[in-house]
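The values are calculated or read from the model by the stated rules, or taken from the named source; none is laboratory data. Everything numeric here is computed off the predicted structure, so don't read it as measured data. Here the Cβ positions follow ideal geometry from the backbone for every residue, glycine too, while neighbour counts run over all protein chains shown. Only protein heavy atoms, including side chains, enter the accessible area calculation; ligands, DNA and RNA are left aside. Shrake-Rupley method; radii C 1.70, N 1.55, O 1.52, S 1.80 Å.
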Amino acid sequence: MLQRLSQLQQLLKRTSSGAWIPEIDGLRFIAILPVVLQHLLERFYRATDAIKPDVLTDDSLAYFISRGTVGVFLFFAISGFVLALPFARHAVQGTPRIPLKQYFLRRLTRIEPPYLFWMTIFALVLLVKGDYLLPDLFKHWLASITYTHNLIFKDYTRINPVAWSLEVEIQFYLIAPLLAFLYFRIQHKMTRRIGLLLGLVGVIALQTGFGLMPFQVRTSLAGQIQHFMIGFLLVDFYLTDWKDGVTKSMIWDLLALGAFVTMCYTWSGVFSLNLLFTLALLTLFIAAFRSVYFRALISQPWIAITGGMCYTIYLTHLPLLQALTPLTSTFAVGHNFWMNYLIQLAILLPIVWGTSAMFYLAIEKPFMQRRFPKLSIKLNTKRLRQLAAVLVLFAFSFVHPLHAQQENFDFSQPQALKLRPVAELSDIAIQNAPELKAKQVDLEKQALVISIQRRSWADLLALSMGGIYGNGSALDANSDAFGTRYLITDRKTSGLNVSFSVKITGGDLLTRGQRVQLQRLQVDRLLEEQESLKLQIRSALIAMYFQTQQALQILSFKAQSVENMRFTLEIAEKYFKEGNYKPDEYSVLLEKSNTANELYMQAQVEAKKQILLLREFVGAEVLVK
């Protein structure tokens, strides 16, 4: 029991003020859960072989789960509450003023290190996998870590799409002190509350009165500020009306359930539905403090602790699900889609929670120290060194020679990507082919062998030379009538012998021509192999060339399709607001728009892969500069 309490204490969130509000972390759990469920549903839908609806929105349960983005808007309201609280305490209760330097330093040290770490890690993963080219990936990474990706690229970041909401959060962080000062300087509480509510109505009217908001507006503070201001209103209730305790009622339990369901079905660009959504968000937030069972549920230790880890969960869950779902989807029972989705939940939710808890303790929680950076840097030098090593590795990859030929890729304008002529690339590929270079060496070797074989007749010629020289004594015997006489004489001998011979063998005469012919046949074989290799290289290059050309054409087509879908969606949005377009048809159109964007990104990946394969095969640049 004590060990369990100790583990819970380790996971318990630390706030900069030291005051922990379990209801807030419980609401964070309510916010992060639908986000994870939606992303798991989308990835399981792509990976499973189970029988499934053609479009997720055709199924009522799938449509409900696909509305998980409402959790992001709840996060915005929670941020409004948390950031306004210390400034409101100073204005309402007279607590010490929060220095702006301390506020901004706290925000920087709390949010930036984990975010920078994970965005860098995920960028490295994409780089190693080869999904994106280095210059293109670097631009998205740089825009992401500076919180400008939505504005610059008008699209979700490729590194971790959920980061779009963090850019909105950062924009709010910058002006939250000013908004809190302006709001809480109004002494009369009813006046400031009514003013805030009227301001929310005005903001929503502006957002919905000019048609479909552009992406960079919709994913900015201008498109989401009403959700943050709900948090301001709750802070007002929390410090004034509820300062001596809050009256709880089970009616708020029913309202909490109704509010969440209402949020899922009223998230829209229509003025009336947007107003209803904002009211439901406010109701859910109030119910977290005034309900009986709902408040008890979200205040449970594991619920609140999970909510306290939501930043790490939010940053890591999508890449983790993207990697694991293709593997876990093989664990299936029958072909029922929802039965197998429950199996995925049983497998993947514990994995997401466990890995998030580990990374929360190792990476996020150290930066929650009140005395950061002094204390945290001292205690976590090893982790910081590891982070620095990762960043150095990432920086090194930018100048690595392997990436020297990737500087002229620009997939933002697919129509401008042109391949060099196929005949030109064919000649370059043949010239650079290592197999042909090896065949050329073999040909030179055979030519030398033939030259030697032609002179093999010299082996049949022989030239020899010999000589003698020496001293000696001889005993001569002379016999006559008088008898035999012996005479010893000294002699010197010398001589020279030179000879030249020709050896003629039948085997040599009969086989010399055949041996030369055999070597010539070897040369002919090598020449045939060389021509065959050239033909194979040309054939393979033509196939790869047209595959790459087709990939570029598909990329251009998908880009045009996304543009057409955007235009269609703008028109549909106009008619939808006027009541002349059915909600279910509009939802289907939104799903088709998302599908078109996803297919466009897949076409980019495929085009990059084909260009890289063709470049590797040719051994030179393949695009027209």
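Any residue that is open to solvent by 40 Å² or more (accessible area, probe 1.4 Å), in a helix (DSSP H, G or I), modelled with pLDDT under 80 and not β-branched (Val, Ile, Thr) - is there at least one of those in the range 22-44?
no
What are the pairs, 6+ residues apart or on separate chains, where a residue within the range 333-358 that is touching a residue at least 12 places away in the same chain (Cβ under 8 Å) and among the aromatic types (Phe, Trp, Tyr) has its Cβ under 6 Å from a residue that is part of a helix (DSSP H, G or I) and open to solvent by less than 10 Å² (accessible area, probe 1.4 Å)?
From the range 333-358, the pairs are Tyr341/Phe44.
For the range 170-181, which positions are closer than 23 Å to Leu279 by Cα and open to solvent by 20 Å² or more (accessible area, probe 1.4 Å)? Break it down stepwise before answering.
Step one: of the range 170-181, the residues closer than 23 Å to Leu279 by Cα are 172, 176, 179-180.
Hit for the range 170-181 is Leu179, nothing else.
Filter the range 264-300 down to the residues that are open to solvent by less than 20 Å² (accessible area, probe 1.4 Å), in contact (Cβ under 8 Å) with a residue 60 or more places away in the chain and not hydrophobic (A, V, I, L, M, F, W, C) and list them by number.
If the condition is that a residue be open to solvent by less than 20 Å² (accessible area, probe 1.4 Å), in contact (Cβ under 8 Å) with a residue 60 or more places away in the chain and not hydrophobic (A, V, I, L, M, F, W, C), then Asn274, Thr278 are the ones that fit.
Pick from Leu174, Leu182: which is without any contact (Cβ under 8 Å) to a residue 40 or more places away in the chain and under 36 Å from the mean Cα position of the chain (by Cα)? Reasoning before the result, please.
Values: Leu182 fails: under 36 Å from the mean Cα position of the chain (by Cα).
None of the others qualify; the one that does is Leu174.
For Leu321, only one of the following conditions fails: (1) modelled with pLDDT under 95; (2) open to solvent by 20 Å² or more (accessible area, probe 1.4 Å). What is its number?
The single condition Leu321 does not satisfy is (2).
Tell me, yes or no, whether the range 126-148 has at least one residue that is under 23 Å from Ser220 (Cβ atoms), in contact with a helix residue (DSSP H, G or I) (Cβ under 7 Å, 6 or more places away or on another chain) and modelled with pLDDT under 90.
no
Step by step: first the residues of the range 531-586, then only those that are under 22 Å from Arg218 (Cα atoms), touching a residue at least 40 places away in the same chain (Cβ under 8 Å) and open to solvent by less than 40 Å² (accessible area, probe 1.4 Å), then the one that is nearest to the chain's Cα centre (by Cα). Which residue is that?
Among them, the one singled out is Ala559.
Determine, yes or no, whether Leu166 is open to solvent by 30 Å² or more (accessible area, probe 1.4 Å) and under 20 Å from Ile225 (Cα atoms).
Numbers: open to solvent by 30 Å² or more (accessible area, probe 1.4 Å): no; under 20 Å from Ile225 (Cα atoms): yes.
The answer is no for Leu166.
Condition test on Leu116, is it within 22 Å of Gln610 (Cβ to Cβ) and either modelled with pLDDT under 85 or out of contact with any Pro (no Cβ under 9 Å at 6 or more places or on another chain) (or both)? Break it down into steps so the answer makes sense when it comes.
Values: within 22 Å of Gln610 (Cβ to Cβ): no; either modelled with pLDDT under 85 or out of contact with any Pro (no Cβ under 9 Å at 6 or more places or on another chain) (or both): yes.
So Leu116 fails the test.
Quick check: is even one residue across the range 225-234 part of a helix (DSSP H, G or I) and loosely packed, with under 14 Cβ neighbours inside 10 Å? Full working, then the answer.
Of the residues in the range 225-234, the ones part of a helix (DSSP H, G or I) are 225-234.
With the extra rule that they be loosely packed, with under 14 Cβ neighbours inside 10 Å, the set shrinks to none.
The answer is no; no qualifying residue exists.
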